[in-house]
Amino acid sequence: MVAFPTKRVVLFASGSGSNVENIVRYFRDRPNVTIAAVLTNKRDAKVLERCDTLNISALYFNKTAFSQTDCVLEVLKGLDPDLIVLAGFLLKVPQRLIRNFPDKIINIHPALLPKYGGKGMYGSHVHRAVKQNCEKETGISIHFVNENYDEGAIIHQAKTALSPEDSVASIAQKVHQLEYEHFPKVIEQLLARQ
Ligand code: GAR
């Protein structure tokens with residue numbers, strides 16, 4: 001366990017939330033990190049069920065609240081996070097949030113950026129493109145969030161080898177394994193450095 005004063009993390013997710021669950025479980029044994037809340041833009045996202053099971057506060061917001069008003073910003077200010085973590089979150093983060101939380105918003109991308117990034121490149125779309133291009137490896141990129149999709153400074157990357165036999169599903173599985181292994185540790189290291 002890395003020693004540092006108590007820190008607060010807010011997670012954003014749009015879908016299944018398996019990374020959210022993995023991060024929550026990782027920090028359960030580490031009392032110096034509190035998962036303050038999970039925020040989602042999908043009211044039927046499986047991540048909400050996971051939060052119920054995990055006993056974690058979860059909030060839903062719509063796109064208007066996120067992109068056109070200060071609603072989500074005010075909620076975030078109230079939550080007072082040391083780090084905001086996009087864990088499978090698919091909306092573009094508006095300037096008002098980036099300005100208010102400089103160097104405090106990070107994202108995980110399921111490929112080796114700068115390859116396979118940008119608008120429309122998420123989840124299985126990424127893995128399908130990787131498969132179509134017969135890539136010999138893929139991986140994950142954890143990076144700071146700036147005003148452009150997937151272009152902020154890279155914090156950490158990890159790779160996995162691919163073979164021609166890999167399917168889109170098996171690529172997704174390999175990438176998820178890397179995410180589960182690396183993402184919580186990178187979050188912990190960033191919090192320790194603050
Ligand atoms: C993850 O693989 C994450 O890297 C990806 O969505 C998946 C969410 O899985 N994020 C993006 O594609 C962002 N561009 P999960 O809901 O099971 O954690």
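What follows draws every value from the coordinates through simple rules; no lab data is involved. Worth saying up front: this structure is predicted, and the values here are computed from it rather than measured. With ideal geometry, Cβ positions are generated from the backbone for all residues, glycine too; neighbour counts draw on all protein chains shown.
Restricted to Cα atoms, region 27-71 shows a radius of gyration and a Dmax of 12.6, 38 angstrom. Compare the Cα positions of L59, N100, P110 along the charge dipole of the chain (+1 at Cβ of Lys, Arg; -1 at Cβ of Asp, Glu; about the Cα centre) and return the one farthest towards the positive end. Going by the charge dipole, the pick is N100. Using a cutoff of 8 angstrom between alpha carbon atoms and counting only pairs six or more residues apart, the relative contact order for region 3-46 works out to 56 percent.
With 32 Å as the limit, write out which pairs from K77/K136; K7/K42; K46/K131; K63/K115; K92/K136; K42/K136 have Cα-Cα distances beyond it, or answer none. Walk me through the numbers on the way to the answer.
Details: K77/K136 43 Å; K7/K42 27 Å; K46/K131 27 Å; K63/K115 27 Å; K92/K136 29 Å; K42/K136 34 Å.
Exceeds cut-off: K77/K136; K42/K136.
The Cα center of region 109-153 and the Cα center of region 49-100 differ in position by 22 Å. Comparing G120, G15, G152 in a Gaussian network model of the chain (Cα springs below 10 Å), the most mobile by mean-square fluctuation is G120.
Any chance you could run the full-extension gain for M1 through R25? It's 0.36 nm times the residue separation minus the Cα-Cα distance, nm to one decimal.
Working: separation 24, 0.36 × 24 = 8.64 nm, distance 1.40 nm.
Full extension of this stretch gives 7.2 nm more.
Between P94, P114, P81, the Gaussian network model of the chain with springs among Cα atoms under 10 angstrom shows the greatest mean-square fluctuation at P114.
What is the magnitude of the charge dipole of the chain about its Cα centre, with +1 placed on the Cβ of each Lys and Arg, -1 on the Cβ of each Asp and Glu, and no other charges, expressed in debye to the nearest 20?
Details: 24 positive and 20 negative charges, 30 e Å.
It works out to roughly 140 debye.
When the trypsin sites (Lys or Arg not before Pro) in region 2-78 are filtered for DSSP coil states and for at most 14 other beta-carbon atoms within 10 Å of their beta-carbon, the remaining sites are R43.
Computed from the Cβ-Cβ distance with R0 of 25 Å, the FRET efficiency linking H125 to K185 stands at 0.40. With one equal scatterer per alpha carbon and no solvent term, the Debye-computed log10 I(q)/I(0) for region 96-192 at 0.10 1/Å reads -0.27.
Each stretch of four or more DSSP H residues adds -39500 (n - 2.57); spread over every residue of the chain, this sum gives -12000 deg cm²/dmol at 222 nm.
The per residue volume of the convex hull around the alpha-carbon atoms of the chain is 112 Å³.
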